Amino acid sequence: MPLMRGSTLRAAGLVVVVLAGLLGSAFALGRSLVPEHPPSNAGATTALTGPHYADQPPSTDFPGGRATAGPSPDAAPDAAPVAPGGDGPYGSLVATGSSRVALTFDDGPDPRWTPQVLALLAQYGVKATFCVVGENAEAHPDLIRSIVAEGHTLCNHSWEHDVNLGKRSPATIRADILRTNDAILAAVPNARIAYYRQPGGAWTHPVVSACADLGLTPLHWSVDPSDWKAPGALAIETLVRTQMVPGSIVLMHDAGGDRSGTVAALQQLLPEMLVRFELESLPVGPQ
């Protein structure tokens, strides 16, 4: 094959350079025509889609599980430890202390769901414990009166279900609990309030200390079907049925969201519970 002349080589090289430049320009033009993807906000919660206060899980800042009754990390250095009264977090109560089972209902009263729960309990002659939120007690005093009139036990569940209440100052915690007591007593002046349940189960030493000062028993639970997530009646029934044992304290909700699944589950569970266990409202001591 004859050798290519120098002028021919230079011409070929020039063509290659021009073609490469054209291809690069085309690529850049194509990139400019493709819109950039905005940063993803997956997992962000807006005010419209945010959970009800009944739907708030415990803050991860709080100790969970079977904690001791000693001071929490945020307690004052010279704070005295609270003597535990139960086996739950910070000595809270997680069992009835007998073979009886206690049903507890949180976050009410609610004008739609609480009457349905009360009607079912009355139908089967069952007494329960209602852990009421102060602002709801203030808004629906008639339902507080119904709960007491039908022989159920009342429990203070804070003023507005603040899961971070345990991280507030001791004065703020005490004022919150007292404000809720006042709302209950405004509806039923002679009501006995013997228990306090911390929103989200986020117990801390200052909360338990306030309970001790005010003569309230910290009330936790041992069976939680997570009905606040509205998983459906069957899921609620199954978990309660499989986890309930003599002495259980069962956590359910009569407010804070759609509680149709809880009501439907309760309708199925109550007759079965009465065959297996004796159900009770938690005692409030001598009248």
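The values are calculated or read from the model by the stated rules, or taken from the named source; none is laboratory data. Since we're looking at a predicted model, the values are computed, not measured. Here the Cβ is made from the backbone with ideal geometry for all residues, glycine too, and neighbour counts use every protein chain on show. Side chains are part of the model used for accessible areas, which takes the heavy atoms of the whole protein and leaves out ligands, DNA and RNA. Shrake-Rupley method; radii C 1.70, N 1.55, O 1.52, S 1.80 Å.
Overview of values
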item: Debye intensity ratio in log₁₀ form over the Cα atoms of region 84-126, taken at each q of 0.16, 0.24, 0.33 Å⁻¹; result: -0.62, -0.86, -1.10
item: Burial order of peptide ranges 275-282, 87-94, 190-197, 108-115 (average beta-carbon count within 10 Å, highest first); result: 87-94, 108-115, 190-197, 275-282
item: Nitroxide proxy distance, nm - points 7 Å out along Cα→Cβ at ASP224 and GLN268; result: 2.3
item: R0 of 35 Å, Cβ-Cβ distance VAL284-LEU234: FRET efficiency to nearest 0.05; result: 0.55
item: Shape category assigned to region 244-287 from the gyration tensor of Cα positions, a/c cut at 1.5; result: oblate
item: Whole-number D in µm² s⁻¹ for region 210-287, Kirkwood Cα-pair radius fed into Stokes-Einstein, 37 °C, 0.692 mPa s; result: 236
item: Cα-derived Rg over Rh, computed across region 133-262 with Rh taken as Kirkwood radius; result: 0.97
item: Prolate/oblate/rounded call for region 110-209, Cα gyration tensor, a/c under 1.5 rounded; result: prolate
item: Solvent-accessible area, 1.4 Å probe, carbon plus sulfur percent, for region 140-271; result: 51
